[in-house]
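The block underneath contains the structure these notes are about, expressed in structure tokens.
The values are calculated or read from the model by the stated rules, or taken from the named source; none is laboratory data. Computed from a predicted model, the values in this text were never measured in an experiment. Backbone-built Cβ (ideal geometry, glycine too); neighbour counts: all protein chains shown. In case anyone asks, the SASA skips ligands and DNA or RNA and just uses the protein heavy atoms, side chains included. Shrake-Rupley method; radii C 1.70, N 1.55, O 1.52, S 1.80 Å.
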Amino acid sequence: TRVAQDRDGRSIEQAIAAVAEHEQSLLDARDGAESAVVGHAVASWLREQSARHGRPAMLQGASEHFQRITSGRYTLELEAGSADAASGAPSFLARDQRDGHLKPVGHLSAGERVQLLLAVRLGFLEQDERGLTLPIVLDEILGNADDERAAAIIDAVLGIARAGRQVFYLSAQPDEVGKWRA
């Protein structure tokens, strides 16, 4: 009796129409979500490409040196959109390639900071050379480095020397001389 009444009252047709309407709304929501995901992916790719290709040559070179000096562990980035509160200048960040996290310079170990500063100085030096290969003078840069980081720094500096750059290393520490000889 109720089915017959519902047929006559058109409630089944209305329910079918409501189901179709809800299905269409779900399809529209899915299409919107797909567009948002694709848009986010494209925007992320464009930001990455802009950061990679729009970076100053000095920063690109410094990042490559930092990655080489840290045996691939870190790359160097410039903090975008904010500045160091004390100086008003942008600050460097180290991106840990193991987990993708960004570390401010203050959160790096003393040895890692030496590696970062060496990389930045090399980046600046290469930017200003204009065809000349200037020598570099290093003064006790192994002083705060543990044995592993000291070995990485030495390997990086030797690589720089092998590439044709003259390197002067100054130290009054006999243990540093031993590390270089080893």
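Cβ separations smaller than 6 Å between residues 6+ apart or across chains give the following pairs from segment 121-145 residues that are farther than 16 Å from M58 by Cα to residues that are surrounded by 13 or more Cβ atoms within 10 Å (Cβ to Cβ) and aromatic (F, W, Y): L138/Y169. Of the set (1) in contact (Cβ under 8 Å) with a residue 12 or more places away in the chain; (2) open to solvent by 80 Å² or more (accessible area, probe 1.4 Å), all apply to A163 but (1). Of the listed requirements (1) at pLDDT below 80; (2) touching a Phe, Trp or Tyr at 6+ places or on another chain (Cβ under 7 Å), D128 misses just one: (2).
Elements of the type strands (runs of 3 or more DSSP E) sitting completely within segment 10-110 and holding at least 3 residues that are touching a His at 6+ places or on another chain (Cβ under 9 Å), at pLDDT below 85 and open to solvent by 70 Å² or more (accessible area, probe 1.4 Å): there are none. Could you grab the pairs with beta carbons closer than 6 Å, sequence gap of 6+ or different chains, first residue in segment 58-79 and among the basic types (K, R), second one modelled with pLDDT of 85 or more? Partner pairs satisfying both residue conditions: R73/Q97.
For segment 156-182, what are the residues that are at pLDDT 85 or above and assigned to a helix (DSSP H, G or I)? V157, L158, A161, R162, P174, D175, E176, V177, G178, K179, W180, R181, listed by residue number. Is it fair to say I136 is closer than 15 Å to F66 by Cα, open to solvent by less than 80 Å² (accessible area, probe 1.4 Å) and out of contact with any Cys (no Cβ under 8 Å at 6 or more places or on another chain)? When the stated conditions are applied, I136 does not pass them. Of all residues in segment 151-172, one or more are out of contact with any helix residue (DSSP H, G or I) (no Cβ under 8 Å at 6 or more places or on another chain) and basic (K, R).
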